[in-house]
Amino acid sequence: MSEVAAQQTTEQDPVIDLSLADAIIDKYIDLPGNLMPVLQAAQDGYGYIPRIVADHIAERLNVYPSQIYGVLTFYAQFHLKPRGKFIIRVCVGTACHVQGAPRIVETFFDKLGIGHAETTPDLRFTFEKVACLGACGMAPLAMVNDSTYGGMTVQKVDEIITDYRQRPMK
Ligand code: FES
């Protein structure tokens, strides 16, 4: 791999080191049906699938880029844009909706300055509205990564954002 390729960037992506992608591809290159494991490992390694990485995988696995992008857009587990360190999910299912979820969502939007499925420029937060999380008795419900917050209020939104703004990014 050339030095130029390792440093290549696109408008959407920061500088991406393709040596990680190459190591992943090398590991799976002889495995039949290797596209999914390669993409999953790339997502784990980069945190998302940068376009330059998707194109590089297509080239090295000798598949059409359209095939790669078909997989990436079909499966919700894959992301083509960087994601925040902290993924905030607010349930907008029926029970949470009637208990005030729309106000909770709007408060997060206002405080974070982003909308649904968007990420703050500092890559600290990604916000997502989600369907029923299966804990309707705790409505309205929010999650930050694996932590659950029931009985959400506008004040709790403030507390959560303040808390996670103070947490380390590494
Ligand atoms: S509707 Fe929100 S947890 Fe079920």
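The values are calculated or read from the model by the stated rules, or taken from the named source; none is laboratory data. This one's a predicted model, so the numbers in the text were calculated from it and none came from an experiment. Neighbour counts run over all protein chains shown; Cβ positions are idealised from the backbone, glycine included. All accessible areas refer to the heavy atoms of the entire protein, side chains included, with ligands and DNA or RNA removed. Shrake-Rupley method; radii C 1.70, N 1.55, O 1.52, S 1.80 Å.
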Q: Report the one residue of 28, 67, 99 whose Cα lies farthest in the direction of the positive end of the charge dipole of the chain (charges on C-beta: Lys and Arg +1, Asp and Glu -1; origin at the Cα centre).
A: 99
Q) What nm value, rounded to one decimal, do you get for the distance between residue 73 and residue 156 when each label is placed 7 Å out toward the C-beta? A) 3.7 nm
Q. Among 53, 71, 92, what's the order by accessible area (1.4 angstrom probe), most exposed first?
A. 92, 71, 53
Q.
Can you compute the helix-only [θ] at 222 nm over the chain? Use -39500 (n - 2.57) per DSSP H run of at least 4 residues, normalise by all residues, nearest 500 deg cm²/dmol.
A. -13500 deg cm²/dmol
(Q) Just want the answer: with Cβ charges of +1 for Lys and Arg and -1 for Asp and Glu, which residue in 45, 161, 84 is farthest toward the dipole's positive end in the chain? (A) 161
**Q.** Three semi-axes of the equivalent ellipsoid, the chain, Cα gyration tensor, whole Å, largest first
**A.** 36, 18, 13
Q: Could you rank 118, 128, 59 by how accessible they are, 1.4 Å probe, largest area first?
A: 59, 118, 128
Q. Using a simple spin-label model with points 7 Å from Cα along the Cα→Cβ vector, what separation in nm is obtained for residue 81 and residue 94?
A. 3.2 nm
(Q) What whole-number distance in Å separates the alpha-carbon centres of region 43-106 and region 129-144? (A) 20 Å
Q: Can you pull the one-decimal nm distance between simple spin-label points at residue 27 and residue 40, each 7 Å off the Cα toward Cβ?
A: 1.2 nm
Q) Any number yet on Rg/Rh for region 86-165, C-alpha, Kirkwood? A) 0.93
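To the nearest 0.05, what FRET efficiency results for residue 59 and residue 170 with a Förster distance of 25 Å applied to their C-beta separation?
0.20
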Q) So for the chain: antiparallel DSSP bridges make up what percent, rounded to the nearest 5? A) 55 percent
Q. Excluding ligands and nucleic acids, what accessible area in Å² is computed for residue 126 using a 1.4 Å probe, to the nearest 10?
A. 0 Å²
Q. Dipole size in debye (nearest 20) for the chain around its Cα centre, Lys and Arg Cβ +1, Asp and Glu Cβ -1?
A. 580 debye
Q: Go through the chain and flag any cysteine with no other cysteine's C-beta closer than 4.7 Å, please.
A: 132, 136
